[in-house]
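I have placed the structure first, in the form of structure tokens, so that the comments after it can refer back to it.
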Amino acid sequence: MRKLERTFIQGLMMLSFIVCLVIGGRRIAIEGQEQGVRIGIRYEDILNMSQEKDQEIGDLLIQFKEAGATTLFIKENTLLPQGKGSLDNEAKQGHIRVLAGYEEANISKAIPQIKAPFIYIVVKEPAIAERIKGHLTHKGIPNRSFNVEDETYIEVRDESSLTTIGVGFPEEGIQVGANLGYEICLGLRAWPKGLEETAAYIVSEINKLPSIGPLYFLEDRISDYDSPELIKLVAEKGVFFREFLAHKQKGFIALVKSVYNHTGTYPVVREFGDDNLKSFSTLDTLNRYKLALKERKDRAFLFNLPQQERMAIQDEESLLELITSFKKEAEKAGYEVGVTQQYDELKPGARTVSTDILVSFIAGLGAIGFFVLLMDDFNRRGLGYGLAIVGIIGYSLILYTRWGLGLKLMALFGAIICPVYAVVTEVKPQKRDYIQGIGALLKICLISFGGGLTIIGTLSRTSYSLGIDLFSGVKLAYLLPILGIVLILFYKYHEEEKHSIRELMQCKVTYLALIIMGILTLFFLIYAIRSGNSAEVPHFEKIIRDTLTKCLGVRPRTKEFLIGYPFLLLVLCWGYQDKYLPLVALGAIGPVSLVNTYAHIHTPLLISLLRSSYGIILGIAIGLVLLVLTNWVISYFQKHYPCHKE
């Protein structure tokens, strides 16, 4: 490639990465605004404490308000409990009693309306009876009612509906919470499909209640998520993105995107909680909540009692202590408890769709430039230009037709091509001293960071920040670069020896080679499974993570500083040989993981930058120790156990 051509390509790449840096700077500024934090408690826990301690609900709410609670999460009631100990139902709250018709007919012949095949819901309060009847009717549950003295009898045939169909919210508890200054957040249950006006009725009922904040959904599907009434309600009140749950709820993403299409904003708050908490470990729980506050964009935190049949007396004290401690820690870190202001939308800064597309197009040119340079290094300049032109045209068309898909494809391409180019160009047969090896490793990290910049430039948007949209191809972004690096390096140093490649493909495989291949395959399989947020962490690794978090504030990625960078430094200093290819594969984990750090858009960018920096520093330190030790061991064996050739 002529110097002028290379200069032009590098100029385009520089422009692209400057645009990505500007987008990243704006993202950091917007993330710095997001300082408002909600602290939530569950109404059913308050009821539990009230019943166990014979204490007024209002008095308990005052205690938790003074501790720092700002938000009261209230689930929609069913008629009967779904599980043992559940209090989010009318029966356990003392509003109703339920009778089987055949039992009541034997007890009282004086009520001729009672029929044996039916179930009867007996309600004392007329307002509660009307609410229950309204929900049953609008949710497709046939019912009839009659009054006996001062009680209302509601007759239903479907016994299963008593534990599954929501019948509204406890108005008295909501009013008490609202009067004390709590934000009330309602958890909606699903209702049967194909019913007209159900959503409109539910929305009208919710709008009658005071101090309503963001909604949340309790089940794995959201009913009528495309109804105009529900879309309008979510636009006005907001909705919680329940971490680890929202993406499993059918209709959630479609609902919030419909709200965005109507309003141009995402009224979504990321919420972190632990509904499956079995027992209290206050310090451990506090650390997990602090981590979610700092390293993710969760801004609502739900604190609850452990799931157990009977509440322990100390659990209330532990919960109060936990909330008090979390509030202090949050305020100490600069967050404002209870502040719920609307923040600027996170996007590249463009004000029109066409400008936004142009900025996204420029943000992808850096990754395409690296591809052209890689092809040129293998004397495939013409092919590189051809594929780059096809890629640019294709990317442009996809941006205009399926904009979201285009952003995801370019982010994935950048995540793959940048670490491949970085490692392939810097891993050379020549040996390096320690300083030269560290310099080469830093250069690899810098070039690989171009992939991170591509992700930042294309995906730094509110929908990705909230977790509504996700980086696509996580497993590919972890495995393809490593596979590509190994294959390209082998080809690079055997390009003129086609016969050696043929011989390699035809040679017999020994049992030792099979064992080594099996071990490496198992290692990379575990590596792929462990990528992402869903993998279980071994106990010893958890100890390492907790220690690093305490010491550094931000934990670097274990795979980078313990595996990737140390082995990469070995190869860079020893020089490339075919027998070092397994070490190259292990070393490539470092820069590949560095790039993928920036695929977690829900993590604040400053946290990702710190994580990468700490990973590089620790990786170099461990790599130097490993290099010194291995060189000493090799030197020792060569000196004391020399190999003699006959």
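The values are calculated or read from the model by the stated rules, or taken from the named source; none is laboratory data. No experiment lies behind these values; they were computed from the predicted model shown. Positions of Cβ are generated from backbone atoms using ideal geometry, with glycine treated the same way; all protein chains shown enter the neighbour counts. Ligands, DNA and RNA are excluded from the accessible area calculation, which covers all protein heavy atoms including side chains. Shrake-Rupley method; radii C 1.70, N 1.55, O 1.52, S 1.80 Å.
Mind listing just one residue for me: the one in the stretch 447-464 that is open to solvent by 10 Å² or more (accessible area, probe 1.4 Å) and over 16 Å from residue 356 (Cβ atoms) and, of those, farthest from the chain's Cα centre (by Cα)?
Here the answer is 447.
Consider residue 177 against the criteria (1) open to solvent by 20 Å² or more (accessible area, probe 1.4 Å); (2) on the phi < 0 side of the Ramachandran plot: it satisfies all of them except one. Which criterion is unmet?
The one condition residue 177 does not meet is (1).
Condition first: open to solvent by less than 30 Å² (accessible area, probe 1.4 Å), under 18 Å from the mean Cα position of the chain (by Cα) and of a type outside the set (D, E, K, R). Can you find one or more residues in the stretch 573-593 that meet it?
yes
Which condition number in (1) open to solvent by less than 20 Å² (accessible area, probe 1.4 Å); (2) closer than 21 Å to residue 121 by Cα is the one that residue 192 fails?
(1)
Quick check, is residue 141 in contact with a strand residue (DSSP E or B) (Cβ under 8 Å, 6 or more places away or on another chain) and either assigned to a loop (DSSP other than H, G, I, E, B) or open to solvent by less than 10 Å² (accessible area, probe 1.4 Å) (or both)?
Values: in contact with a strand residue (DSSP E or B) (Cβ under 8 Å, 6 or more places away or on another chain): yes; either assigned to a loop (DSSP other than H, G, I, E, B) or open to solvent by less than 10 Å² (accessible area, probe 1.4 Å) (or both): yes.
So residue 141 fits the description; yes.
Only one residue in 23, 46 is more than 30 Å from residue 87 (Cβ to Cβ) and out of contact with any strand residue (DSSP E or B) (no Cβ under 6 Å at 6 or more places or on another chain), so which one is that? Explain how you work it out, then say what you get.
Numbers: 46 fails: more than 30 Å from residue 87 (Cβ to Cβ).
So the residue among 23, 46 that is more than 30 Å from residue 87 (Cβ to Cβ) and out of contact with any strand residue (DSSP E or B) (no Cβ under 6 Å at 6 or more places or on another chain) is 23.
Can you tell me how many residues within the stretch 598-646 are in a helix (DSSP H, G or I), under 30 Å from residue 298 (Cβ atoms) and of a type in the set (A, V, I, L, M, F, W, C)?
So in the stretch 598-646, the residues in a helix (DSSP H, G or I) come out as 605-640.
With the extra rule that they be under 30 Å from residue 298 (Cβ atoms), the set shrinks to 605-619.
Checking which are of a type in the set (A, V, I, L, M, F, W, C) leaves us with 605-607, 609-610, 616-618.
Qualifying residue count, the stretch 598-646: 8.
Which ones in the stretch 617-646 are open to solvent by less than 30 Å² (accessible area, probe 1.4 Å) and hydrophobic (A, V, I, L, M, F, W, C)?
Of everything in the stretch 617-646, those that are open to solvent by less than 30 Å² (accessible area, probe 1.4 Å) and hydrophobic (A, V, I, L, M, F, W, C) turn out to be 620, 627.
Conditions tested, residue by residue: (1) closer than 30 Å to residue 304 by Cα; (2) modelled with pLDDT under 90; (3) part of a helix (DSSP H, G or I).
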| position | (1), (2), (3) |
| --- | --- |
| 346 | no, yes, no |
| 355 | no, yes, yes |
| 373 | no, no, yes |
| 387 | no, no, yes |
| 391 | no, no, yes |
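Pairs please, first residue from the stretch 213-231 and on the phi > 0 side of the Ramachandran plot, second anywhere and of a type in the set (Val, Ile, Thr) and crowded, with 21+ Cβ neighbours inside 10 Å, Cβ atoms under 9 Å, 6+ apart in sequence or on different chains.
224/198; 224/202
Taking the conditions exactly as written (without any contact (Cβ under 8 Å) to a residue 60 or more places away in the chain, assigned to a helix (DSSP H, G or I), open to solvent by less than 50 Å² (accessible area, probe 1.4 Å) and of a type outside the set (Val, Ile, Thr)), does residue 129 satisfy them or not?
yes
Does the stretch 81-94 hold any residues that are in a loop (DSSP other than H, G, I, E, B) and either under 34 Å from the mean Cα position of the chain (by Cα) or surrounded by 22 or more Cβ atoms within 10 Å (Cβ to Cβ) (or both), and which are they? Talk me through it step by step, then tell me what you get.
Pass one, the stretch 81-94, residues in a loop (DSSP other than H, G, I, E, B): 81-88, 90-94.
Those that are in a loop (DSSP other than H, G, I, E, B) and either under 34 Å from the mean Cα position of the chain (by Cα) or surrounded by 22 or more Cβ atoms within 10 Å (Cβ to Cβ) (or both): 81, 82, 83, 84, 85, 86, 87, 88, 90.
Condition check ((1) open to solvent by 40 Å² or more (accessible area, probe 1.4 Å); (2) in a loop (DSSP other than H, G, I, E, B); (3) among the basic types (Lys, Arg); (4) within 30 Å of residue 293 (Cα to Cα)) across all residues:
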position	(1), (2), (3), (4)
9	no, no, no, no
15	yes, no, no, no
22	yes, no, no, yes
32	yes, no, no, yes
41	no, no, no, yes
47	no, no, no, yes
52	yes, no, no, no
60	no, no, no, yes
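Give the number of residues within the stretch 229-260 that are within 13 Å of residue 202 (Cβ to Cβ) and either open to solvent by 80 Å² or more (accessible area, probe 1.4 Å) or part of a loop (DSSP other than H, G, I, E, B) (or both).
Residues in the stretch 229-260 being within 13 Å of residue 202 (Cβ to Cβ) and either open to solvent by 80 Å² or more (accessible area, probe 1.4 Å) or part of a loop (DSSP other than H, G, I, E, B) (or both): 1 in total.
Out of the residues in the stretch 369-416 that are basic (Lys, Arg) and under 27 Å from residue 487 (Cβ atoms), which is surrounded by the most Cβ atoms within 10 Å (Cβ to Cβ)? Lay out the reasoning, then the answer.
Restricting attention to the stretch 369-416, the residues satisfying the condition of being basic (Lys, Arg) are 380-381, 402, 408.
Restricting the remaining residues to those that are under 27 Å from residue 487 (Cβ atoms) gives 380-381, 408.
Details: 380: 14, 381: 16, 408: 20.
Going through the qualifying residues, I end up with 408.
Taking residue 487 and the conditions (1) free of Cβ contacts under 8 Å to residues at least 60 places away in the same chain; (2) surrounded by 15 or more Cβ atoms within 10 Å (Cβ to Cβ), which numbered condition does it fall short on, given that it satisfies the others?
Every condition holds for residue 487 apart from (2).
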